[in-house]
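Heads up, the thing below is written out as structure tokens.
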Amino acid sequence: MDDRVSISISEGVADVRLVRADKMNALDQPMFEALVAATDRLSKEKGVSAVVLSGEGRAFCAGLDMGRFAAMKEKGGNGIPGGENRDLTVRTYGKANFAQQAVWGWRQLPMPVIAAVHGVAFGGGFQLSLGADMRFLSSDARMSIMEIKWGLVPDMAGTPILASLVRDDILRDLTYTGRIFSAQEALAYGLATRICDDPHAAALDVAREIAGKSPDAIRAAKRMLNNLSVDPGPALLAESVEQQKLIGSPNQTEAVRANLEKRAPNFAN
């Protein structure tokens with residue numbers, strides 16, 4: 001796990017960092033495994049009252065590793081986290097599958113999580129930020145629900161969280177177009193909590209403030225606030241059903257090939 005995600009704990013705050021900086025913290029299989037392992041570990045840490053999640057290097061997380069898309073171009077379906085034959089509809093983590101747990105696990109943690117986002121948070125990286133209770137962005141941060149570019153739909157637990165944050169028409173706009181939007185737009189849409197000169201430092205400050213409060217009250221508050229949301233189970237399953245139908249299909253493979261070959265796609269009707 002240490003070559004993908006590092007965890008340091010001090011004074012009740014867990015500083016969690018994605019450490020695949022040379023690849024802009026892109027999501028390969030070891031990164032997915034490390035994210036799931038990190039939330040599993042933190043769920044058992046009794047002395048942690050708050051978590052800060054960030055990425056080292058130039059970006060928070062650039063999304064799915066390009067090697068997975070290259071595999072999709074050649075074989076179709078090989079980009080599924082956990083192996084090309086994995087059934088996405090199988091619930092391996094309660095209401096979530098493996099890829100969803102890499103995001104949903106942060107929402108399930110008993111303590112608050114603050115994502116400190118700089119650079120880009122695209123596709124799966126954007127969805128990862130949604131697992132946090134709050135998102136602190138640098139002024140030059142950029143985000144995108146980028147799955148449509150690759151002939152896919154968001155499938156890492158983002159949709160049930162987005163539905164509670166964003167106006168329906170804005171969510172549809174961002175999902176259908178996959179357009180890149182700024183930190184200022186994210187704040188206006190309800191996707192950013194704050195814009196900060198140094199989001200990681202600001203997140204640590206707030207995390208330390210939270211850690212100074214009663215841990216019983218903080219955990220009770222998170223349980224209470226999580227219970228305000230509708231049951232995410234149907235939305236998580238719907239993500240998986242739709243994505244499984246798309247992965248490896250002719251038009252999805254064509255979307256990947258066109259992007260990698262830098263040409264206009266030729267979709268079949």
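The values are calculated or read from the model by the stated rules, or taken from the named source; none is laboratory data. Quantities reported herein were computed from a predicted structural model and do not represent experimental measurements. Here Cβ is always computed from backbone atoms with ideal geometry, including for glycine, and neighbour counts include all displayed protein chains. We work out accessible area using only protein heavy atoms, side chains counted, and drop any ligands, DNA or RNA first. Shrake-Rupley method; radii C 1.70, N 1.55, O 1.52, S 1.80 Å.
Tabulated data
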read-out: C-alpha center-to-center spacing [the stretch 99-143, the stretch 205-269] in angstrom; value: 10 Å
read-out: Accessible area, probe 1.4 Å, largest first, for residues SER214, SER144; value: SER214, SER144
read-out: Accessible surface of the chain [probe 1.4 Å, protein heavy atoms]: carbon and sulfur percent; value: 53 percent
read-out: Among ALA59, ALA258, CYS196 the positive-end extreme of the charge dipole of the chain (Cβ point charges); value: ALA258
read-out: In the stretch 1-59, trypsin sites (Lys or Arg not before Pro) in a DSSP loop with at most 12 other beta-carbon atoms within 10 Å; value: LYS44, LYS46
read-out: Largest-first ordering by accessible area, 1.4 Å probe, given options GLU33, GLU185; value: GLU33, GLU185
read-out: Distance in nm between pseudo-label sites at VAL90 and ARG223 (7 Å out along the Cβ direction from Cα); value: 3.2 nm
read-out: Largest-first ordering by accessible area, 1.4 Å probe, given options LEU204, LEU128; value: LEU204, LEU128
read-out: Where only C-alpha atoms are counted, convex hull volume of the stretch 164-267 per residue in Å³; value: 172 Å³
read-out: Options LEU137, GLY12, ALA96, ranked by Cα towards positive dipole end of the chain, top entry (Cβ charges); value: ALA96
read-out: Percentage relative contact order, the stretch 99-206, counting C-alpha pairs under 8 Å, at least six apart; value: 32 percent
read-out: Magnitude of the charge dipole, the chain, Cβ model with Lys/Arg +1 and Asp/Glu -1, debye to 20; value: 260 debye
read-out: For the chain, accessible area per residue (1.4 Å probe, heavy atoms of protein chains only), Å²; value: 45 Å²
